[in-house]
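The values are calculated or read from the model by the stated rules, or taken from the named source; none is laboratory data. As the structure is a computational prediction, the values presented were derived from the model and not from experiment. Methodologically, a virtual Cβ is constructed for each residue, glycine included, from the backbone with ideal geometry; neighbour enumeration extends over all protein chains shown.
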């Protein structure tokens, strides 16, 4: 998968800390209205829900245009029950997946949004699984790394309180990412991605071949600026972070408006 061009709009903000000087990974999404980049971003999103060949086959069966079929059967709409929430959750999970893959160099399976029972029906479990091999899938190493990420989006909010929810919920992943791994392994195999299914299977063998696990709580909100690079009202002590737990925070202006703008372009 090639990185979408909107990735260049995500910039790390160095030196951002919580109220008690606890550091966190902070990024700003500083976008501009660019039709070409927005259209490419929308296509990037759409392919997470349905690949090109499957879309073409569905259009033949239903006799609908791509826009008609996608709006009715695939892409969450603003008028759907839970449609805006589904757009917000999916947009931010895919954005964090892109951050982990294209900026940090992890492999991120991209099958979660495919073949849902309903447009707004998301799977339970860990929001994002990412991984990286030290040597290779056929040479397991204790330095292989699995990332379990919980994403909390408050795109209509102008504060950073989603950080608290992200930190709290990411602690739960230790008890459930094993189920998510099994779900991904089976779903990847079902959609024909056998090699990636086998890669995920490696991380179901921790007892036989140990590896590192990092838990990430990723928070996103529409806070436009961080005054003095300090996020007031939240402390590291309050979050009770573990040694293998990290917090990512992404913010930008009017991110819910941006989300609707991108999703309305998911028509091809």
Q.
For the stretch 236-268, which positions are in a loop (DSSP other than H, G, I, E, B), at pLDDT below 95 and surrounded by fewer than 14 Cβ atoms within 10 Å (Cβ to Cβ)?
A. 240, 242, 243, 244
Q: Inspect the stretch 141-150 for any residue being buried (at least 22 other Cβ atoms within 10 Å of the Cβ), in a loop (DSSP other than H, G, I, E, B) and within 18 Å of the chain's Cα centre (by Cα) and give the result as yes or no.
A: no
Q.
Condition first: assigned to a loop (DSSP other than H, G, I, E, B) and either in contact with a helix residue (DSSP H, G or I) (Cβ under 8 Å, 6 or more places away or on another chain) or within 17 Å of residue 153 (Cβ to Cβ) (or both). Can you find one or more residues in the stretch 192-204 that meet it?
A. yes
Q: Filter the stretch 216-235 for residues that are surrounded by fewer than 14 Cβ atoms within 10 Å (Cβ to Cβ) and outside any loop (DSSP other than H, G, I, E, B) and give the result.
A: 227, 228, 229
Q.
Scan the stretch 65-74 and tell me whether some residue there is in contact with a helix residue (DSSP H, G or I) (Cβ under 6 Å, 6 or more places away or on another chain) and within 21 Å of residue 253 (Cβ to Cβ).
A. no
Q) From the residues in the stretch 104-140 that are surrounded by fewer than 20 Cβ atoms within 10 Å (Cβ to Cβ) and not in a loop (DSSP other than H, G, I, E, B), which one is farthest from the chain's Cα centre (by Cα)? A) 139
Q: Go through the residues of the stretch 175-183 one by one and say whether even a single one is surrounded by fewer than 19 Cβ atoms within 10 Å (Cβ to Cβ) and in a loop (DSSP other than H, G, I, E, B).
A: yes
